[in-house]
Amino acid sequence: MYKNWFQKKPQAAANGAFRHGNEHLIELRNIVKTFNSAAGTFTALKGVDLQIGRGEFLAIIGKSGSGKSTLMNMITGIDRPTSGDVLIGDVAVHTLDESRMAVWRGRTIGVVFQFFQLLPALSLVENVMLPMEMLGEDSNGALPRAEYLLESVGLIERRDHYPAQLSGGEQQRVALARAFMMKPSVLFADEPTGNLDSMNGKHVLDLMLRRVDLLDLDFFIAVASQREIFRKRLVDPLARHHRIHLQDRRTRRQNFDE
């Protein structure tokens, strides 16, 4: 039923607005996220408003516990806001049920997590193929593309190895290959180098930015505790680079080098 979702990039209407009135490819409107526990209610995001246009390179910066990953989860549909609207193109993400959310996410976005999230019982090539297989895509095309992506991150010779046989940096490179399996229009990276040493972190970041540049994504959003890892950028210097600083559970947009 949803096979054709986001096969084509969403286009704004003649008046500059998408279906739900958003003028930017991504708009977050007054996002509030609270968590309830035995200790009481905790507010992770307080009325966040955010607009992101096509072609932006965006880093979400903030101290540990400032709400960076929570904000990322709102945009990617991994979690839902307590209140507020999440609009991406023509899709009101916060209104999707679980089945439609899974299809939308699988066909539209790639996500690189800090802790890799590889399945230990699957080989590297099977881990990379997993998104395509879960969405019921053509199995004949899955293996060649997975092998191509493993080759692009320098791990094709280890295609039949398992995650436990790899270093942390190698596992993150496999996770990066998996994120590009469905040819996403958007890449999200949640602390992609946070679990790596400086040398492996730089290598993974360089690989990731090269792929972003090669594929001409709609936009690239990264979460980081420290902005220094994004000082060296391999994307088009004429593109728009911004960072979103999370402070007091709210956002403040800045130019990249401020």
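The values are calculated or read from the model by the stated rules, or taken from the named source; none is laboratory data. Just so it is clear, the model here is predicted, and its values are computed rather than measured. FYI the Cβ positions are ideal-geometry reconstructions off the backbone, even for glycines, and counts take in every protein chain you see. Surface accessibility is based on the protein's heavy atoms, side chains included, excluding ligands, DNA and RNA. Shrake-Rupley method; radii C 1.70, N 1.55, O 1.52, S 1.80 Å.
Working with all protein chains in place, sort GLU157, GLU133, GLU147 by solvent-accessible area computed with a 1.4 Å probe, largest first.
Working: GLU157 175, GLU133 100, GLU147 60 Å².
The ranking, largest first, comes out as GLU157, GLU133, GLU147.
With all protein chains present, calculate the accessible area of LYS46 using a 1.4 Å probe and round the result to the nearest 10 Å².
Spelled out: LYS46, probe radius 1.4 Å, area about 90 Å².
Would you mind counting up the charge near HIS20? Only other residues with Cβ under 14 Å from its Cβ, with Lys and Arg at +1 and Asp and Glu at -1. Write down the numbers at each step before the final one.
Details: positive: ARG19, ARG29; negative: GLU23, GLU27, ASP85, ASP90.
Taking every other residue near HIS20 into account, the sum is -2.
Take the Cα of GLN165, step 7 Å along the line toward its Cβ, and report every residue of the range 177-206 whose backbone nitrogen sits under 20 Å from that point.
Under 20 Å, as judged by backbone N against the label point of GLN165, lie 177-178 of the range 177-206.
Tell me, what is the 1.4 Å probe accessible area of SER167, in Å² to the nearest 10?
Result for SER167: roughly 50 Å² accessible.
Given a 1.4 Å probe and the protein chains all in place, what does the accessible area of PHE18 round to, in Å² to the nearest 10?
Around 20 Å² of this residue is reachable by solvent.
List the residues of the range 51-79 whose backbone N lies under 13 Å from a point placed 7 Å from the Cα of THR34 along the Cα-to-Cβ direction.
Answer for this model: none.
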